[in-house]
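Asker: Here's a structure for you.
The values are calculated or read from the model by the stated rules, or taken from the named source; none is laboratory data. No experiment lies behind these values; they were computed from the predicted model shown. Note that we place each Cβ from the backbone using ideal geometry, even for glycine, and neighbour counts take in every protein chain shown. Surface areas here come from the heavy atoms of the whole protein model, side chains and all, with no ligands, DNA or RNA. Shrake-Rupley method; radii C 1.70, N 1.55, O 1.52, S 1.80 Å.
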Amino acid sequence: MTSTPKTYHVKSFGCQMNVYDGERMAELMAAQGMTAAADADSADLIVLNTCHIREKATEKVYSDIGRVRKSARLADRAAPMIAVAGCVAQAEGEEIANRAKVDIVVGPQAYHNLPELVAQASAQGRAIDTDMPAIAKFGALPARRKTGPTAFLTVQE
């Protein structure tokens, strides 16, 4: 059983669509009362938002998971909860949970379930959602809070 995280850090790999999706996941965590950490090394929850199209994407994610754990050990602090999100999570599914021992695996169509998955992983040690439901994830997400003259958006999945 893992303690409920209070701080989060979202790191997006690869495509620009992941920047947008990462912003949306950060908004979800903030709406749950979590605070953005200054960096991954000080976060209780690290979301690695992945892109499978980029070269060696899967290897980069596994490498980053190892780096996060090593950094926690060297700082003599508890390992953070790790969520792998995005296309690599979708493609790898339960394999990434088993191989890398991550707490959460969430595919691109299930980002809106991230708060529930964090709660499930806190209570049960692991949560996986790579389903492709009929409802669009953006219809289930709250309205955007970020405003400005430019923004990233999802074009395709």
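Asker: Of the numbered conditions (1) surrounded by fewer than 22 Cβ atoms within 10 Å (Cβ to Cβ); (2) not in a helix (DSSP H, G or I), Ala85 fails exactly one; give the number of that condition.
Answerer: All conditions are met except number (1).
Asker: I would also like to ask the following. Can you tell me how many residues within segment 1-32 are in a helix (DSSP H, G or I) and closer than 11 Å to Val118 by Cβ?
Answerer: Summing the residues that are in a helix (DSSP H, G or I) and closer than 11 Å to Val118 by Cβ in segment 1-32 gives 3.
Asker: Follow-up. Would you pick out the residues in segment 91-107 that are in a helix (DSSP H, G or I) and out of contact with any helix residue (DSSP H, G or I) (no Cβ under 6 Å at 6 or more places or on another chain)? Explain how you work it out, then say what you get.
Answerer: Restricting attention to segment 91-107, the residues satisfying the condition of being in a helix (DSSP H, G or I) are 91-92, 94-100.
Within segment 91-107, Ala91, Glu92, Glu94, Glu95, Ile96, Ala97, Asn98, Arg99 meet the criteria.
Asker: Restricting the first residue to segment 114-130 and requiring it to be farther than 18 Å from Glu95 by Cα, which pairs with a second residue that is part of a loop (DSSP other than H, G, I, E, B) and open to solvent by less than 30 Å² (accessible area, probe 1.4 Å) meet a Cβ separation below 7 Å and a spacing of at least six or different chains?
Answerer: Here the result reads Val118/Pro5, each pair linking segment 114-130 to a residue that is part of a loop (DSSP other than H, G, I, E, B) and open to solvent by less than 30 Å² (accessible area, probe 1.4 Å).
Asker: Go through segment 1-10 and give me each residue that's buried (at least 18 other Cβ atoms within 10 Å of the Cβ) and either modelled with pLDDT of 90 or more or out of contact with any Asp or Glu (no Cβ under 6 Å at 6 or more places or on another chain) (or both). Spell out how you get there, then give the answer.
Answerer: Of segment 1-10, the ones buried (at least 18 other Cβ atoms within 10 Å of the Cβ) are 2, 5, 8-10.
Listed by number, the residues that qualify are Thr2, Tyr8, His9, Val10.
Asker: With basic (Lys, Arg), loosely packed, with under 14 Cβ neighbours inside 10 Å and assigned to a loop (DSSP other than H, G, I, E, B) as the only criterion, which of Arg77, Arg73 stands out? Spell out the reasoning first.
Answerer: Numbers: Arg73 fails: assigned to a loop (DSSP other than H, G, I, E, B).
Of the residues listed, the single one that is basic (Lys, Arg), loosely packed, with under 14 Cβ neighbours inside 10 Å and assigned to a loop (DSSP other than H, G, I, E, B) is Arg77.
Asker: I'm checking my understanding of the structure. Among residues of segment 11-25 that are over 19 Å from Ser71 (Cβ atoms) and touching a Leu at 6+ places or on another chain (Cβ under 8 Å), which one is least open to solvent (accessible area, probe 1.4 Å)?
Answerer: Met25
Asker: Looking at Ala40, Ala36, can you tell me which residue is modelled with pLDDT under 90, under 22 Å from Arg77 (Cα atoms) and in contact with a strand residue (DSSP E or B) (Cβ under 9 Å, 6 or more places away or on another chain)?
Answerer: After ruling out the rest, the residue left standing is Ala40.
Asker: Based on what the data block shows, is Gly93 touching a Ser or Thr at 6+ places or on another chain (Cβ under 6 Å) and over 20 Å from Met29 (Cβ atoms)?
Answerer: yes
Asker: Follow-up. Is there a residue being over 13 Å from the mean Cα position of the chain (by Cα), among the β-branched types (Val, Ile, Thr) and under 21 Å from Gly125 (Cα atoms) anywhere in segment 37-46?
Answerer: Checked against the condition, which is being over 13 Å from the mean Cα position of the chain (by Cα), among the β-branched types (Val, Ile, Thr) and under 21 Å from Gly125 (Cα atoms), segment 37-46 yields no hits at all.
Asker: Kindly list, by first and then second residue, each pair from a residue in segment 62-90 that is touching a residue at least 12 places away in the same chain (Cβ under 8 Å) to a residue that is of a type in the set (Ser, Thr, Tyr) and surrounded by fewer than 22 Cβ atoms within 10 Å (Cβ to Cβ), limited to pairs with Cβ atoms under 6 Å and residues at least 6 apart or on different chains.
Answerer: Listed by first residue and then by second, the contacts come to Met81/Thr2; Val88/Thr58; Gln90/Thr130.
Asker: So for segment 95-105 (the condition being over 11 Å from the mean Cα position of the chain (by Cα), open to solvent by 40 Å² or more (accessible area, probe 1.4 Å) and under 20 Å from Pro5 (Cβ atoms)), does at least one residue qualify?
Answerer: The answer is yes, given that some residue of segment 95-105 is over 11 Å from the mean Cα position of the chain (by Cα), open to solvent by 40 Å² or more (accessible area, probe 1.4 Å) and under 20 Å from Pro5 (Cβ atoms).
Asker: OK, next. Between a residue in segment 26-54 that is within 21 Å of Gly107 (Cα to Cα) and open to solvent by 50 Å² or more (accessible area, probe 1.4 Å) and any residue that is in a helix (DSSP H, G or I) and at pLDDT 90 or above, which pairs come within a Cβ distance under 7 Å, given they are 6 or more apart or on different chains?
Answerer: Correct list of pairs: Gln32/Pro115.
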